[in-house]
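Okay, structure first, notes after.
Readers should treat all values here as calculations from the given coordinates under stated rules, not as data from a laboratory. Since this is a predicted model, take the numbers as computed values, not measurements. So basically every Cβ, Gly included, is an ideal-geometry build from the backbone, and we count neighbours across all protein chains shown.
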Amino acid sequence: MQMRISGSPSVCGMRMNRSTENETISQPTTDWVNINNWWPEVTWIYVFAFVSNVLVGLPINVWVLWLIVRGLEVVLASEIFTLNLAALELIYCLQLLLVLLNYFVLNSILSKPLSFFYGLIFFGRPLFQCCTCVERYLAVLHPLTFLRYRPLRYRVGCSALVWMITFGAAQPLCFCSILS
């Protein structure tokens, strides 16, 4: 025999009923959590964020790549990680365009390949930023070590290693669909 107490406590969206013989907890109520009510608004927030990221990021990253490649005959060693990071950000901007196309036009056909590109961004961006931070740390606190590893071949080798790690880490994402 269950006895409903008016104003029964609610914990995390669950209504609790009290019984005279034993304590029971009813099933969670989902009246206030109907996903169909708020999903269109969330979708348009994502669309706005993606479009604004593409509108700002695409021209800036193309410009950075153009500036670095244009002065290719005197590439500074410190620009190598910036070049790679700008290329990765350009991939991200193009991936966002494909995500919008996939969601609104192609009905999630490209979800698995887009998951791979998402993995490239997810793993590559922090690794290249870490390389830039280590380079600047060495330049400021250990200048003799920095001068020893100043030649361009060390940075190109480190960038190649980061790209291999990034592709290797993103490869398993081809088999799952994290963007659907």
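Spin-label model, residue 133/residue 104: points 7 Å from Cα along the beta carbon direction are separated by 3.6 nm. Counting alpha carbon pairs within less than 8 Å and at least 6 residues apart, what relative contact order, in whole percent, applies to the range 34-172? The value is 27 percent.
Each principal axis of the Cα cloud of the range 34-172 was evaluated for its coordinate range; sorted largest first, these ranges are 61, 31, 25 Å.
Distance in nm between label sites at residue 76 and residue 150, each 7 Å beyond Cα in the beta-carbon direction? Distance between label points: 1.3 nm.
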